[in-house]
Amino acid sequence: MQVISVGPWLAVALLAPLIFCPLALISRRSAPIIALILQSISLGITLSILPFIATGNIVEINAGKWIDLGPMNLVSYMAFRIDVLSWLMLFIITFVGLLIFIYSLGYMEHDPYVRRFWLFMLMFSGSMIGVVTSNDMFLLFLFWELTTLSSFALIGHWIDRESALYGSIKALMLTGFGGLVMAIGLYVLMVATHTSLISVALSRLSTAPPTLVSIAAALILIGVMAKSAQFPFFTWLPDAMEAPTPVSAFLHSAAMVKAGVYIYARFIPLFAQNLYVACGALVIFAVTAMIGAMYATIESNAKRVLAYSTISQLGYMLSAFALSSIFLGVSRIVPTSMESVLVLLSGFAMLAGMLHLLNHAIFKAALFLATGAVEHEVGTKDLDEMGGFIRHMPLLAAGFTICVLGLVGVPLFNGFVSKWMIYQSLIGALIRSTPVTLLLLISLAILLFGTALTAAYGIRMIYGIFFGFAPRRDIHVSEPPYVMLVPILILAVGVIFLGVWPNIALALFHILPPPYTVSVVPPPNFLIIPVLFGTKTSLSMVYTAIIFSIAILIGLFGFLGKAKIRTVPEPFIGGESLDIVVERGVPKAKIRSESFFLEVKEVFATVRRKLNADVAYHAIAKAFDGVSKGLRCLEAGHVILYLGLIIVGVLIMLAFL
């Protein structure tokens, strides 16, 4: 593994969307062209450095000092670092982002605020690139906050909608709170390791004060939870669905929510230093995966279903990275004979998380775009007002179905491979005696329950939009414009491609960032599903395939095998009501999408009411309100008070000289 140093020009090219985003304000006609050019430049640079990354090298950019805090022995650098993890995120941001930009040409064509839309889309894209390439904690936090501000503007894009403004403020409040807490954690880590460089800080953890390391890990974890919409901070994501569909696809499936996932993956050595933090993180992530799936089953707004689904899938990929940190931490306290096995499983879980990160970005972005295309034609997001659209939108229905099968985890679609690997790492540790066996068993049960629900609400969406009964006769729909349809189909092809040939990605991810080495992870042919490809097998692999398949079947039969009688209200059937019966999965009359799992939905709805997940948002809002009222007292117009504060500030600065 070599470190290749390049000049600042590479950073300028990568950050082109952020640096040159004001150009989008020149004119309405030129804004999308400028956006496509700038995003294409970043994608081109990303692809150009792939040969260096694929051979195990690391690309570094150091543009010199940025901030010198001499009295605190801290120096901040304009430093960037690209390894395989950073490159994966770069590819998602630039490639999936470019497809979303192309889709936006059709979706936002007549929007009155289109110049502002492109300005903040470019700002967000460049800020995310900065987050995943920064090797300095000060720089990381700067880009982190820029993503928060640009997402605030994008979620509230339609300023004449009260729901959009509420969603943007809520997202700003919760993710902003997480960012502030994470900033404190980064500062504690800098103090503990005496450096602001992330790569150097992670290499010094073994000699840093354990208490400070644990505090830093806990605070950074809160930032991860807020940004990636984990319990109890997840309520901002469904409310952010008031944003335009391209914003939802980019921010809330391919980029912004992945920032927290990236931070956890980047700081795995930090979380491995404190098993209590890592184990607590696994519990939170697994519970979030289950809660998100539960809420998705009782939601009728198509975009909010996808939002809760995103929350759930983020829980899955974060669980994989949490497992990696737990296995790495446990490997240091077990006998030598077990150490190598746990380090192997740690690398395997890391690999699974990275693959699911890529897979989710592909199929979820396509699902958001497809749902937006349906909304664009129909004028509604309500599943109860959709149905039977496959006759009018066969290509869109095919792309949507493929991506749902990837989400559910059906064999030969990309989600199956990455989810199988997550369960494989869990069961691989369970069949061995470790200090965290009970925790792993509970997590496995929770995640499998979430997998079953994923199959249920996934099939529900396909049926409700494209195959179900059309409740409205006045809807005339057709395939969306090609500029909107083609990006969806390209992503759908990616779902099949990575499902059939996952080695394409695994061969690259095989070269993991430190603390892993190439020799720690098994060769790529070991990772292919034995049932499908006839390669090496093991007992844990067989267990994984069986349990995973049972979970999917439970979800499918939960939808198809439930006999229900529903009465359709008069407006939907030309003035007459109609009883609809489904017996053993065969409808005797056409069925509406809501007609599924009524008892289970009642239970989940009760859980949702009792949980009152917005309590975190209201608590943070009250805290900010109290602080603002306190600070207001300092702005009372008293000159003596202002003079006293200035003197105190000067004395504090002199104390550090």
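What follows is calculated from the coordinates using simple rules that are stated; it is not laboratory data. The model shown is predicted, which means the values in this text are computed figures rather than measured ones. FYI the Cβ positions are ideal-geometry reconstructions off the backbone, even for glycines, and counts take in every protein chain you see.
Each residue, Asn503 and Ser478, gets one label point 7 Å from its Cα in the Cβ direction; the gap between the two is 4.5 nm. Multiplying the residue separation of Thr380 and Val191 by 0.36 nm and removing their Cα-Cα distance gives an extension gain of 62.8 nm. Spin-label pair Leu69-Ala621: with each label point 7 Å from Cα along the Cα-Cβ axis, the two points sit 3.3 nm from one another.
Considering Cα pairs under 8 angstrom that are at least six residues apart, work out the relative contact order of region 197-353 and quote it in whole percent. Averaging sequence separation for qualifying contacts and normalising by length gives 24 percent for region 197-353.
For the pair Val6 and Ser433, a Förster radius of 51 Å applied to the C-beta separation gives a FRET efficiency near 0.60, rounded to the nearest 0.05.
Given Lys227/Lys622; Lys303/Lys629; Lys65/Lys629; Lys227/Lys381; Lys258/Lys622, which pairs have Cα atoms separated by over 31 Å?
Values: Lys227/Lys622 20 Å; Lys303/Lys629 37 Å; Lys65/Lys629 38 Å; Lys227/Lys381 25 Å; Lys258/Lys622 28 Å.
Correct reply: Lys303/Lys629; Lys65/Lys629.
Each residue of region 244-294 gets 68 Å³ once the volume of the Cα convex hull is shared out per residue. The Kirkwood radius of region 372-444, taken over pairs of alpha-carbon atoms, gives through the Stokes-Einstein law at 20 °C and 1.002 mPa s a diffusion coefficient of 139 µm² s⁻¹.
Full extension of the chain between Thr55 and Ser300 gives 83.5 nm of extra length, using 0.36 nm per residue less the Cα-Cα distance. Expressed per residue, the C-alpha convex hull volume of region 17-117 stands at 133 Å³. Rounded to whole numbers, the Karplus 3J(HN,Hα) couplings from phi for region 58-68 are 10, 9, 10, 10, 10, 9, x, 5, 10, 10, 10 Hz, using 6.51 cos²θ - 1.76 cosθ + 1.60 with θ = phi - 60°, and x at Gly and Pro. Across all Cα pairs in region 264-411, the calculated P(r) in 5 Å bins from zero up to the longest distance comes to 2, 10, 15, 17, 15, 11, 9, 7, 6, 4, 2, 1, 0 percent per bin.
From the Cα trace of region 213-349, what convex hull volume per residue do you get, rounded to a whole Å³?
Cα convex hull per residue, to the nearest whole number: 92 Å³.
Across every pair of different alpha-carbon atoms, what Kirkwood hydrodynamic radius in Å does region 104-222 reach? For region 104-222, the Kirkwood estimate is 16.0 Å. Multiplying the residue separation of Ile490 and His110 by 0.36 nm and subtracting their alpha-carbon distance yields 134.3 nm.
Region 324-372 and region 189-246 have their alpha-carbon centroids 17 Å apart. Taking one quarter of the surface of the C-alpha convex hull of region 336-399 gives a mean projected area of 6.2 nm².
Over region 5-51, Cα pairs under 8 Å with separation of 6+ residues give a relative contact order of 42 percent.
Couplings 3J(HN,Hα) of region 170-180, computed from phi: 5, 5, 4, 5, 6, 6, x, 4, x, x, 5 Hz, in residue order, whole Hz [Karplus 6.51 cos²θ - 1.76 cosθ + 1.60, θ = phi - 60°; x for Gly and Pro]. Between the amide H of Ala208 and any residue lying 5 or more places away or on another chain, no distance stays under 5 Å, with hydrogens modeled in the peptide plane. As an equivalent ellipsoid, region 1-60 spans semi-axes of 30, 11, 5 angstrom, where each value is the square root of five times an eigenvalue of the C-alpha gyration tensor, largest first. Semi-axes of the equivalent ellipsoid of region 196-256 are 33, 14, 6 Å, computed as sqrt(5λ) over the eigenvalues of the C-alpha gyration tensor in descending order.
Computed over the Cα atoms of region 327-454, the ratio of the radius of gyration to the Kirkwood radius (Rg/Rh) comes to 1.15.
Amide H to amide H distances under 5 Å link Asp382 with Ala302, where only residues 5 or more positions off or on other chains count and H is placed in the peptide plane.
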